[in-house]
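The values are calculated or read from the model by the stated rules, or taken from the named source; none is laboratory data. Everything numeric here is computed off the predicted structure, so don't read it as measured data. Note that each Cβ is placed from the backbone with ideal geometry, even for glycine, and that neighbours are counted across all protein chains shown. Protein only, heavy atoms only, side chains kept; ligands, DNA and RNA dropped before computing areas. Shrake-Rupley method; radii C 1.70, N 1.55, O 1.52, S 1.80 Å.
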Amino acid sequence: LTGVLDDCLCDIESIDDFNTFKIFPKIQKLQERDYFRYYKVNLKRPCPFWADDGHCSIKDCHVEPCPESKIPVGIKAGSSNKYSKAANNSKELEDCEQANKLGAVNSTLSNQSKEAFIDWARYDDSQDHFCELDDERSPDAQYVDLLLNPERYTGYKGPSAWRVWNSIYEENCFKPRSVYRPLNPLAPSRGGSCLFYFLMHLEFICLLFCTGLCLEKRVFYKLISGLHASINLHLCANYLLEETWGKPRWGPNVKEFTRRFDPVETKGEGPRRLKNLYFLYLIELRALSKVAPYFERSVVDLYTGNGHEDAESKALLLDIFRDTKSFHMHFDEKSMFAGDKKGAKSLKEEFRLHFKNISRIMDCVGCDKCRLWGKLQTQGLGTALKILFSEKEIQSLPENSPSKGFQLTRQEIVALVNAFGRLSTSIRELQNFKVLLQQTR
């Protein structure tokens, strides 16, 4: 796997070197910091698209929520869009002032009207989101320690897993709606399981119709394909190899990697999927370089309540931002949505709604651990897209106060960093598989 990627001027070798020697070691350390290891997620949201077909009963699908006593006080006490000690301490005062202002305008509002105003505010806030966000106030939302619930192969497969990826490619790839798929593994099969080859065919058909489309729609397909490839790499690299006397052994599975990515096994599609992984890496790398001014402000502390750790976390994050800015072959997002204003606006909204729909599909994943990491990685990519299309708002941020024009919640920040960390890990694991494959020949 070598050469220049399509739709950008970056080569694979440069990304490999940059990731191995600059990004990977630092992003690994950052993900171990308290601010980034605790992620609040609702794994009980119902699937909005089809009847629930039951959750996976395999023990490795289980996610262990974090006890309240383990959550740093600054994280569980803070509001979702506050990130500094001062902001958290001033929350009650802000609420009081806001109540007085509302009372001064009209003290006779009905409860129904107040609920409507809240819904309008939520609608306005969601207009720049590329993914469906969990309601952190829901009693079903729980903190999860990502380090204690690593992404790896759980055994989750079959009709439930097929339905999720089929819905993503079938209903959210930009293609003619008249195209139908000739295979359906949910139906009785004469020749045994055809799930893997069905998904390969599904992806190929989607690609076939996306190659003749404009840059934006090709980019959309590559993002989804790259995310799919990255998840598959994680599963191959952290596979359950054996379990004896209750002691599981996890590690790289070369046979599984070959099945998913070898040119012969995949009829030439494997290398294309891996190239899309590199393309996705460039997109999120670009987003990190663009959002740096947001975090460089003194008002942003990455607040957990531990002043020393907070300072070290921010210093490490800013160090990573400096590395991202030093990369000289970024993807140019300005080439997207650059046509006439009306057409560009319409296409951007279609792009946003397609991706938001994919984030909702993650609530249909039957395996809790797969759902956790699927939600986190789609939210991370959605946050990256939000950043790339908010350049003007980021450039006009005030130094000493949060901006209403552009904000990131803590959940978005945690998802952004961990999602990019997953991509960085995927590219690093790909180098490991190259070595393993050479050793087996």
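Assorted remarks:
- Annotation: of all residues in the range 287-305 being under 17 Å from S326 (Cα atoms) and among the small types (G, A, S), the one that is farthest from the chain's Cα centre (by Cα) is A292.
- P263 assigned to a loop (DSSP other than H, G, I, E, B), of a type outside the set (K, R) and over 30 Å from A77 (Cα atoms): yes
- Tabulated pairs, the range 421-441, first aromatic (F, W, Y), second open to solvent by 40 Å² or more (accessible area, probe 1.4 Å), C-beta under 8 angstrom, 6+ apart or interchain: F433/P252
- Matching residues in the range 315-327 - criterion: being of a type outside the set (V, I, T) and under 19 Å from A384 (Cα atoms): L317, L318, D319, F321, R322, D323, K325, S326, F327
- Restricting Q439, Q407, Q431, Q377 to those that are at pLDDT 85 or above and not in a helix (DSSP H, G or I) reduces the list to Q407.
- For the range 374-390, a residue qualifies if it is open to solvent by less than 10 Å² (accessible area, probe 1.4 Å) and within 8 Å of the chain's Cα centre (by Cα), and the qualifying residues are G374, L376, Q377, T378, G380, L381, G382, T383.
- Candidate set: the range 241-275, residues that are more than 23 Å from the chain's Cα centre (by Cα) and among the aliphatic types (A, V, I, L, M); chosen: the one most open to solvent (accessible area, probe 1.4 Å): V264
- When the residues of the range 336-358 are filtered to those that are part of a helix (DSSP H, G or I), among the aliphatic types (A, V, I, L, M) and open to solvent by less than 40 Å² (accessible area, probe 1.4 Å), the one that is modelled with the lowest pLDDT is A344.
- Cβ pairs under 9 Å, 6+ apart, first in the range 409-420 and more than 10 Å from Q377 (Cβ to Cβ), second open to solvent by less than 10 Å² (accessible area, probe 1.4 Å) and acidic (D, E): L416/E284
- Residues in the range 19-39 that are more than 30 Å from Q142 (Cβ to Cβ) and out of contact with any helix residue (DSSP H, G or I) (no Cβ under 8 Å at 6 or more places or on another chain): 2 in all.
- Among (1) open to solvent by 10 Å² or more (accessible area, probe 1.4 Å); (2) modelled with pLDDT under 85; (3) of a type in the set (G, A, S); (4) over 22 Å from I15 (Cα atoms) - the single one G366 does not satisfy: (1)
- Among the conditions (1) part of a helix (DSSP H, G or I); (2) hydrophobic (A, V, I, L, M, F, W, C); (3) open to solvent by less than 20 Å² (accessible area, probe 1.4 Å), the only one that F24 does not satisfy is (3).
- The set of residues in the range 319-335 being open to solvent by less than 20 Å² (accessible area, probe 1.4 Å) and outside any helix (DSSP H, G or I) consists of F327, F331.
A quick yes/no check of all residues on (1) closer than 21 Å to S424 by Cβ; (2) in contact with a Phe, Trp or Tyr (Cβ under 9 Å, 6 or more places away or on another chain); (3) aliphatic (A, V, I, L, M):
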{"site": "L5", "(1), (2), (3)": "yes, yes, yes"}
{"site": "C8", "(1), (2), (3)": "yes, yes, no"}
{"site": "I12", "(1), (2), (3)": "yes, yes, yes"}
{"site": "K29", "(1), (2), (3)": "yes, no, no"}
{"site": "Y38", "(1), (2), (3)": "yes, yes, no"}
{"site": "N42", "(1), (2), (3)": "no, no, no"}
{"site": "P48", "(1), (2), (3)": "no, no, no"}
{"site": "G74", "(1), (2), (3)": "no, yes, no"}
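- Any chance Y281 is open to solvent by less than 10 Å² (accessible area, probe 1.4 Å), of a type outside the set (V, I, T) and within 21 Å of T20 (Cα to Cα): yes
- Inter-residue pairs, beta-carbon under 6 Å, first open to solvent by 60 Å² or more (accessible area, probe 1.4 Å) and in the range 39-63, second assigned to a loop (DSSP other than H, G, I, E, B) and modelled with pLDDT of 75 or more, 6+ apart: K44/D140; H55/G366
- Qualifying residues in the range 106-151 (those that are at pLDDT 70 or above and open to solvent by 90 Å² or more (accessible area, probe 1.4 Å)) - the one farthest from R352 (Cα to Cα): L148
- Residue, nearest to Q31 (Cα to Cα), within the range 391-410, restricted to residues that are under 21 Å from the mean Cα position of the chain (by Cα) and open to solvent by 10 Å² or more (accessible area, probe 1.4 Å): R410
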